[in-house]
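Worksheet for the structure shown next.
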Amino acid sequence: MSNSTPSLPYSDLLKLKRWNTPTIYNGWEQITRHDAGHQGFNLEETKDFMPQMGPMVGRAVTVVIEPGNAAHTKTNPHSTREYREYVASIPGPKIVVVQDLDKPNTYGAFWGEVNSSAHRALGCVGTITDGAIRDLDEMCNAGFKALARRLCVGHAYGVPVRWNCEVEVFGTRVKPGQVIHADKHGFLAIPDEDLGKLVEAASFMDANECQTVIPASKDTCGKTNSEILQSLDIAGKAFSAAATAKFGRKGEW
């Protein structure tokens with residue numbers, strides 16, 4: 001991880017949590033220089049096992065595991081304590097991003113009641129893992145959200161192999177300290193340089209929809225199909241014009 005954590009006030013993290021991940025994406029694509037059509041979000045399907053908890057937002061703490069390999073428990077018997085010291089050193093809120101080297105196989109879960117509770121105590125709000133989780137009800141009771149590939153029964157040899165490194169989960173690279181927004185739709189790993197303008201951009205694009213294309217789609221009482229189509233065309237142009245005036249990009253809807 002870099003010497004400095006990406007600067008984003010806690011108040012802004014709370015604001016980002018008020019929107020779903022697609023809304024954050026709509027704002028992000030207006031301000032980023034990255035390829036928003038192919039980068040930044042999960043390229044493989046994820047499953048949110050706690051959708052009732054809503055979105056989660058936090059800085060990434062990263063770890064690699066390989067539960068199917070028993071050798072890790074012998075080559076580094078103190079890895080769990082050393083890894084937890086790393087987790088504790090990062091300002092919260094935090095999301096633990098876990099790369100499982102056993103993929104596509106699943107031999108055991110890094111996450112269950114005990115590990116989720118321990119990470120919650122260290123300021124973590126949830127995890128994104130391309131492996132498995134278990135103790136689903138107990139994880140919910142701990143207030144620890146999870147996006148994962150599947151559930152499983154055992155833990156096998158689920159100890160940290162390495163941490164504080166770039167990882168790849170669900171086809172997307174995530175760096176330590178990167179701000180993550182995630183919900184039942186998937187996740188967005190936000191580049192550091194886009195953080196400063198993200199709250200304003202997401203808020204603007206959400207309001208833009210509410211002022212143009214959404215009312216045009218709902219205010220249809222007594223209108224003919226021709227009138228509805230005309231309203232949609234007018235609203236679409238207004239939506240694009242507002243986005244262009246603000247960001248120099250027309251936006252999509």
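The values are calculated or read from the model by the stated rules, or taken from the named source; none is laboratory data. Please read these numbers as outputs of a predicted model, since none were measured by experiment. Here the Cβ is made from the backbone with ideal geometry for all residues, glycine too, and neighbour counts use every protein chain on show.
Structure summary
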{"read-out": "Pair list, Cβ < 9 Å and 6+ apart or interchain, from region 41-53 residues that are more than 8 Å from LYS145 (Cα to Cα) and aliphatic (A, V, I, L, M) to residues that are modelled with pLDDT of 95 or more and buried (at least 19 other Cβ atoms within 10 Å of the Cβ)", "value": "LEU43/PHE170; LEU43/THR172"}
{"read-out": "Within region 83-182, strands (runs of 3 or more DSSP E) holding 2 or more residues that are closer than 25 Å to LYS15 by Cα", "value": "94-100, 124-129, 145-148, 172-174"}
{"read-out": "Yes/no for ALA70 being assigned to a loop (DSSP other than H, G, I, E, B), farther than 30 Å from ILE214 by Cα and of a type in the set (A, V, I, L, M)", "value": "yes"}
{"read-out": "Some residue of region 47-59 being surrounded by fewer than 16 Cβ atoms within 10 Å (Cβ to Cβ) and β-branched (Val, Ile, Thr)", "value": "no"}
{"read-out": "Scan of region 194-249 for residues that are in contact (Cβ under 8 Å) with a residue 12 or more places away in the chain and outside any helix (DSSP H, G or I), ordered by number", "value": "THR212, ASP219, ARG249"}
{"read-out": "Among (1) free of Cβ contacts under 8 Å to residues at least 40 places away in the same chain; (2) on the phi < 0 side of the Ramachandran plot; (3) of a type in the set (Asp, Glu) - the single one GLU168 does not satisfy", "value": "(1)"}
